[in-house]
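The values are calculated or read from the model by the stated rules, or taken from the named source; none is laboratory data. Here the structure is a predicted model, which is why all the values come from computation and not from measurement. All Cβ positions, glycine included, derive from the backbone under ideal geometry; neighbour counts span all protein chains shown.
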Amino acid sequence: MPDLLSRKSFEALDHGVDERLARVELRRQVGRLERELAGLVGEAFGRVEVDYRVGAAGPPRLLDLGELERSRDALADRVAEARIGLRERSRVETSNRELLERMLAAPAEFKWLRISRADVGEPGCGGWHSRPRLGPLGVLMGWWQVKVSSGCPLAGRLAAVEQEAQAEEKRAAAGAAAAQATPSGRGG
């Protein structure tokens, strides 16, 4: 019996270990982590930057168990970092929403404060700005209000600027074509 507990006797019992089940389980775990990371990337889109790229481990080959475990562990670390980033961003957005509620209730206590829609986790542009009514007179009299701004440029205005730029390009191209069409030796 004591010889069974010695290390040398275990080496003598060397019989091949079936790695297939371990590989299947590791691939299942990696797949689950990749799906979770994909969900976190979708949830964080536009709010928090999540590293979603998968680095190549070298040329195409079958990974051994150690490399699969390292790959799984690295992916688990990235998922944990993404969760922490989202949790921190959510905490900031919640505190900004509470600040916005207080600012809407008492604008004079938050003079000149500006909160954007991105600060509270809402899509789009625009925000809220605590400012005086009637300009300098409002500052002197203590008349403060929260101005809500859409902040987004009007689509028609952008289209007009774009059309003007295209017209300018056409005029420049027509001028260049006219200069090439006229003979250089004019004059009778």
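Please work out which residue is modelled with the lowest pLDDT, limiting yourself to the stretch 1-44 and to residues that are of a type in the set (A, V, I, L, M, F, W, C) and not in a helix (DSSP H, G or I). First the steps, then the outcome.
Let us first name the residues in the stretch 1-44 that are of a type in the set (A, V, I, L, M, F, W, C), namely 1, 4-5, 10, 12-13, 17, 21-22, 24, 26, 30, 33, 37-38, 40-41, 44.
Right, trim to not in a helix (DSSP H, G or I) and you get 1, 13, 17.
Details: MET1: 48, LEU13: 52, VAL17: 62.
Looking at the filtered set, the residue picked out is MET1.
From the list ARG87, ARG47, ARG72, ARG91, pick out the single residue that is surrounded by 14 or more Cβ atoms within 10 Å (Cβ to Cβ), assigned to a helix (DSSP H, G or I) and either touching a His at 6+ places or on another chain (Cβ under 7 Å) or outside the structural domain of GLU122 (by TED's automatic domain parsing) (or both). Break it down stepwise before answering.
Values: ARG87 fails: surrounded by 14 or more Cβ atoms within 10 Å (Cβ to Cβ); ARG47 fails: assigned to a helix (DSSP H, G or I); ARG91 fails: surrounded by 14 or more Cβ atoms within 10 Å (Cβ to Cβ).
That would be ARG72, the only listed residue that is surrounded by 14 or more Cβ atoms within 10 Å (Cβ to Cβ), assigned to a helix (DSSP H, G or I) and either touching a His at 6+ places or on another chain (Cβ under 7 Å) or outside the structural domain of GLU122 (by TED's automatic domain parsing) (or both).
When the residues of the stretch 148-160 are narrowed to those that are in a helix (DSSP H, G or I) and surrounded by 10 or more Cβ atoms within 10 Å (Cβ to Cβ), which ends up modelled with the lowest pLDDT?
LEU158
Suppose the filter is outside the structural domain of VAL92 (by TED's automatic domain parsing), assigned to a strand (DSSP E or B) and either modelled with pLDDT under 85 or more than 28 Å from the chain's Cα centre (by Cα) (or both); does ARG131 pass it?
Here the answer is yes, as ARG131 does meet what is asked.
Sort out which residues of the stretch 103-122 are without any contact (Cβ under 8 Å) to a residue 24 or more places away in the chain, over 15 Å from ARG133 (Cα atoms), of a type outside the set (Lys, Arg) and not in a helix (DSSP H, G or I), and write them in order of number.
ILE115, GLU122 - these are the residues of the stretch 103-122 that are without any contact (Cβ under 8 Å) to a residue 24 or more places away in the chain, over 15 Å from ARG133 (Cα atoms), of a type outside the set (Lys, Arg) and not in a helix (DSSP H, G or I).
Can you tell me which residues in the stretch 45-97 are more than 18 Å from GLU34 (Cα to Cα) and of a type in the set (Asp, Glu)?
Listed by number, the residues that qualify are ASP64, GLU88, GLU93.
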